[in-house]
Each structure stands twice: as C-alpha cells, then as structure tokens.
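Below is one structure, written out as structure tokens; comments come after it.
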Amino acid sequence: MALAIVPYLPGHAGAVKRFNQRLAVGSKGPAAEDWQFPEKPDPGWMPGMQLWLAVEGHEVRGGYILRRQVFSVAGETHTVAHYRLPLSEGLVNRAYATLAIRLVRDALEREPRLYALGMGGWDRPLPQMLKRMNWRMAAVPFYFKVLHAYRFLRHIRAVRSSLPRRVAFDAAAFSGIGWLAMKLAGVTRPTAAAGPMDIAARFTGWADAVWEGCREQYGMAAWRDATTLEQLYPADNPRFLRVRTAGGWALLLDTQMHGHKQFGHMRVGTIADCLAPLGPEGTPESGAEGAPAAVIRAATRTLEDRGVDLIVSNQLHHTWCGALEEAGFRQGPTNFLIALSPALAALVGARADREWHINRGDGDGPIHL
Amino acid sequence: MKPAVFEQVRSIAADVLEVEGRHLNADSSPETIETWDSVRHLNLVLALEESFGFEFSPEEMDGVKSIGQIAALVESKASRA
C-alpha cells in the first residue's frame, strides 16, 4: 500500500497510539523508552513545532517533528529547523527499513537547513544514517563536577553497571577512599570566588542587550533574545534559575533525581544554557578573566550553595569548555551529538565546530535534567 | 546482469553488512545473511546511492530483496542515466 507523509491531524491520534504500542512491543535496548511519538498533534513542548506522519492506509508507520528556528551564523540571521524525534516502524519491522531515509528526505524538502541534536551516541541508527548522507557531525563535550563524593559514588548509575563495580564504588564511598582519591585527582576542587552576581526573575531587555552585544562573536548560535528565552524558560516555571554576572547569564536547573537511569537518586545541578561576550582570542578576556569564565564561576557557586551533589553541562564552544575546565569541571564521555544538513553546513562554511554555541538549551531543551 | 556491476554491488554490500564477499551471491538476502538488519539495509541503500551517484525512489528502495535484485536495479538505473 502507498505510504504518504502528511501533517499530523487530531484524527491520527489513535493510529499514533497503535504505532507507539508496536514500537514498545518490538523494541529493545537503552533507547527504546525514547521511541514514542506524541499522541496528540500539538504536544505543546516548544514553539514553532510542525508534526508530520508517514501514513499507510489507516496506520501510522513513522513520523518526525520540524521545529522552525532562527539562527545567527557569524552575525547573519537565517531560518533553520530542528529535525526532531524521527521515528520509523523500520526500528521493529524490516519491511519499513528504508522509511527513515524517506522521512529525512521529506524534511529536507520542507527545510534544507536542518540540524539534529542529542541522538544518543555514534552507534545509534540516526547519526549513522545522517553521517552516510554527508551531514556534518560533531560531539558536544560533556563536563561534570563532583561536589559530594559519597553520594556520587553511591548513585552514579552510569558507571555502577556491574556487581563488582557497585561493590568497589560502595567500598570507596563508605571508607572515604573515594573522597580522598577524587580530592587528590582534583575532581572535587573548590570553585574560585565568584564576582558580583544576581538571580534574575525573567529574561527581559537586559538579555536582549547581551544577545545583541555578542551574537556576531559566535560562529553559529540559536537565537537567544529575551522573547525566545522567555518561551524556552518561562518565568512561571520555578525550576529555571537565571544567574546574571559580568555582562552574561547562565540558566541553571537544580533537580532531585529519583531512580534516574544515569544519576540514580542524586541532586543534580545543570548549567543548561549560557551566553556572554567572548574576549578577543589570546587576551585575558578570552580566558580566566573573561565573561564566560565569570558566568561559569557564578553558576557553579550558585549550585554549590544550593547543595547539589553533582554539576553537569554540555558545551561545544571552546571558550565555554575552557571556562568549565577553569572552574574545576572534568570532561566525561558524551552521547550528545549535533548534525548539520549539507545546506546548513554550507552556510556555516569553514567555521570550526568549536566556534558554535551549542548546549543543552538547544534542540529539545533541558529535558531529562 | 553485467558481472562488473554485480561485483561492485557485492563489494559494497560486503563492506556494509560486514561479511566476506565470497559469502554473498545473487540470492543473498536479509533471510540468509544474519547481519542484514533494518539499519544495515538503510546503510546499504545510502552506500549504493553514494557509489553510483543516483537516488533510489521509495518504491525501488523497498522493492529490492536480494543482492541480485539490487544489482539488476543498479544496472537498469545506470543505463537510463
């Protein structure tokens, strides 16, 4: 039967539920729980979303979301779209193996300048496919800073993956050896004093000034004016903390995890998003004396004072990575990837990946955190 | 079917499916090659498109079920190009 890609309408909801059930029954592996398409056409997750379905008769065989956005590429304004949550029945039924290619080609026809973010690691089907389709790929580094070694060792599920490891981590936690080892390795190094800072109630004109003052300095960045930031991080959501300092800002989360697949029961602080002017390369303003370093110090101090066990952040821009390292963060393995379609990659041109400002504020926003 | 086209398809398939070329013949299919799953099929289609410089239509992508059918399709598309 012919398959057509059509806009998601309310009448499709039942077929999407059946599609999700088939994925849930047939799928296995760590990503399986993420393989669920929204069961209503307007899930209200993010502004600018368009949902598309691959329909065969009365059944849904796949779908994807396009989220239209504005990017600044070396100071120039361009419309792009986030290629989000592409799901195909090919994940569980070989008869639909090539539907994934149709979905991405359909999305490219609607918006040639696409990007995908997250994707769960290089070994997953989506990044493998995009790489073969000549998308430009980069890994967004993951940074962490341990504040409470005992709770970290007891709850970090990402590495407590076998019984011998759990026994070893528990022994290290209860004996204090783990704390000592982390201290000697500098993993729990205290943060240098932060300069004057405050917590803003919302993003207003001051955030516009930050954005306009620095957007030309970044090779590529999603639009981050006050209006956009208020949509992403609404003022009525008490989870979002907006730290302001040194002409920049950071958006923080302080989350008590409960049985999280990576963080167990830890209290996790996240530097989800941030923005500040970059100093000229090779000057003190580009390093420890610069605004990004001051913002990271202030963000880290804020989360330390709130009593989190661990602070995490994903950052791609080299200056922000340097600021995290300066504040005592260590780099860990990352499964957070970015892929640019050939048309978007052509727009970005020769600018290095590490000049793009990409973090957990992009794409799906700070979900699972 | 031209032997050269078949050999080229077999070589690409062997690379994508991670099997030795001598284990692939015209009848080799997802039913006979253990590693030929959905993801590899998708990668095989993309690798063939890249090597031969054309795109398969959705019907063509779904219609080929064996190495022999793929080689025949590639040959037919190449002759039309």
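Cβ contacts < 7 Å: first residue over 20 Å from residue A:57 (Cβ atoms), restricted to region A:16-28; second residue surrounded by 14 or more Cβ atoms within 10 Å (Cβ to Cβ), any location; separation 6+ or different chain. Result?
A:27/A:35; A:27/A:91; A:27/A:92
Which condition does residue B:33 not pass, out of (1) of a type in the set (A, V, I, L, M, F, W, C); (2) within 11 Å of the chain's Cα centre (by Cα); (3) over 25 Å from residue A:135 (Cβ atoms), if it passes all the others?
Of (1) of a type in the set (A, V, I, L, M, F, W, C); (2) within 11 Å of the chain's Cα centre (by Cα); (3) over 25 Å from residue A:135 (Cβ atoms), only one is false for residue B:33: (2).
Conditions tested, residue by residue: (1) in contact (Cβ under 8 Å) with a residue 60 or more places away in the chain; (2) surrounded by fewer than 16 Cβ atoms within 10 Å (Cβ to Cβ); (3) small (Gly, Ala, Ser); (4) part of a strand (DSSP E or B).
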{"residue": "A:38", "(1), (2), (3), (4)": "no, no, no, no"}
{"residue": "A:47", "(1), (2), (3), (4)": "yes, yes, no, no"}
{"residue": "A:51", "(1), (2), (3), (4)": "no, no, no, yes"}
{"residue": "A:61", "(1), (2), (3), (4)": "no, no, no, yes"}
{"residue": "A:65", "(1), (2), (3), (4)": "no, no, no, yes"}
{"residue": "A:72", "(1), (2), (3), (4)": "yes, no, yes, yes"}
{"residue": "A:81", "(1), (2), (3), (4)": "no, no, yes, yes"}
{"residue": "A:87", "(1), (2), (3), (4)": "yes, no, no, yes"}
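Looking for whichever is in contact with a Phe, Trp or Tyr (Cβ under 9 Å, 6 or more places away or on another chain), more than 12 Å from every other protein chain (Cβ to nearest Cβ) and in a helix (DSSP H, G or I) here; the options are B:69, B:8. Which one fits?
Testing whether each residue is in contact with a Phe, Trp or Tyr (Cβ under 9 Å, 6 or more places away or on another chain), more than 12 Å from every other protein chain (Cβ to nearest Cβ) and in a helix (DSSP H, G or I) leaves just B:8.
Considering B:26, B:78, B:47, which residue is more than 17 Å from residue A:105 (Cβ to Cβ) and not in a loop (DSSP other than H, G, I, E, B)?
Numbers: B:26 fails: not in a loop (DSSP other than H, G, I, E, B); B:47 fails: more than 17 Å from residue A:105 (Cβ to Cβ).
Every option except B:78 fails the conditions.
Quick one: what pairs do we get from region A:222-246, first residue in a helix (DSSP H, G or I), second not aromatic (Phe, Trp, Tyr), C-beta under 6 Å, 6+ apart or different chains?
Pairs found: A:226/A:204; A:226/A:207; A:226/A:208; A:229/A:207; A:231/A:47; A:232/A:365.
Condition first: over 15 Å from residue A:316 (Cα atoms) and acidic (Asp, Glu). Now tell me which residues in region A:263-284 satisfy that.
The one that is over 15 Å from residue A:316 (Cα atoms) and acidic (Asp, Glu): A:281.
Where the second residue is assigned to a helix (DSSP H, G or I) and the first is of a type in the set (Phe, Trp, Tyr) and lies in region B:2-26, which pairs have Cβ atoms under 8 Å and are six or more apart or on separate chains?
As it stands, the answer is B:6/B:67; B:6/B:68; B:6/B:71, since those pairs meet every condition given.
Go through A:110, A:68 for me and flag whichever is among the basic types (Lys, Arg), more than 20 Å from residue A:316 (Cα to Cα) and more than 23 Å from the chain's Cα centre (by Cα).
Within the list A:110, A:68, the selection yields A:110.
Which one is farthest from residue A:293 (Cα to Cα) among residues in region A:318-339 that are small (Gly, Ala, Ser) and in a strand (DSSP E or B)?
Within region A:318-339, the match that is farthest from residue A:293 (Cα to Cα) is A:339.
What's the total number of residues in region B:50-75 that are modelled with pLDDT of 85 or more and either farther than 24 Å from residue A:106 by Cβ or within 10 Å of the chain's Cα centre (by Cα) (or both)?
Number of matching residues: 10.
If the requirement is being among the hydroxyl-bearing types (Ser, Thr, Tyr) and within 14 Å of another protein chain (Cβ to nearest Cβ), which of these qualifies: B:76, B:38?
When all the criteria are applied, what remains is B:38.
Within the bounds of region A:9-29, is there any residue that is surrounded by 22 or more Cβ atoms within 10 Å (Cβ to Cβ), more than 14 Å from chain B (Cβ to nearest Cβ), part of a strand (DSSP E or B) and touching a helix residue (DSSP H, G or I) at 6+ places or on another chain (Cβ under 9 Å)?
No, region A:9-29 has no match at all.
Step by step: first the residues of region A:25-79, then only those that are among the basic types (Lys, Arg) and at pLDDT 85 or above, then the one that is nearest to residue A:348 (Cα to Cα). Which residue is that?
Pass one, region A:25-79, residues among the basic types (Lys, Arg): A:28, A:40, A:61, A:67-68.
Restricting the remaining residues to those that are at pLDDT 85 or above gives A:40, A:61, A:67-68.
Details: A:40: 35, A:61: 34, A:67: 19, A:68: 18 Å.
Taking the candidates together, the pick is A:68.
Assess whether residue A:98 counts as being free of Cβ contacts under 8 Å to residues at least 40 places away in the same chain, hydroxyl-bearing (Ser, Thr, Tyr) and crowded, with 21+ Cβ neighbours inside 10 Å.
Yes, satisfied.
Can you tell which of A:136, A:113, A:105 is facing another protein chain (nearest Cβ under 10 Å), over 26 Å from residue A:299 (Cβ atoms) and surrounded by fewer than 22 Cβ atoms within 10 Å (Cβ to Cβ)? Please lay out each step first, then the result.
Details: A:136 fails: facing another protein chain (nearest Cβ under 10 Å); A:113 fails: facing another protein chain (nearest Cβ under 10 Å).
Answer to the selection: A:105.
Spot the failing condition for residue A:352; the list is (1) under 27 Å from residue A:125 (Cα atoms); (2) without any contact (Cβ under 8 Å) to a residue 60 or more places away in the chain, and only one is missed.
All conditions are met except number (2).
Can you find, within region B:8-27, the residue that is nearest to residue B:79 (Cα to Cα) among those that are under 10 Å from the mean Cα position of the chain (by Cα) and not aliphatic (A, V, I, L, M)?
B:8
Is one or more of the residues making up region A:25-33 among the acidic types (Asp, Glu) and under 23 Å from residue A:335 (Cα atoms)?
Yes, that holds for at least one residue.
The values are calculated or read from the model by the stated rules, or taken from the named source; none is laboratory data. What you see is a predicted model, and the numbers here were worked out from it, not measured in a lab. Cβ sites come from the backbone with ideal geometry, for glycine too, and all protein chains shown count toward neighbours.
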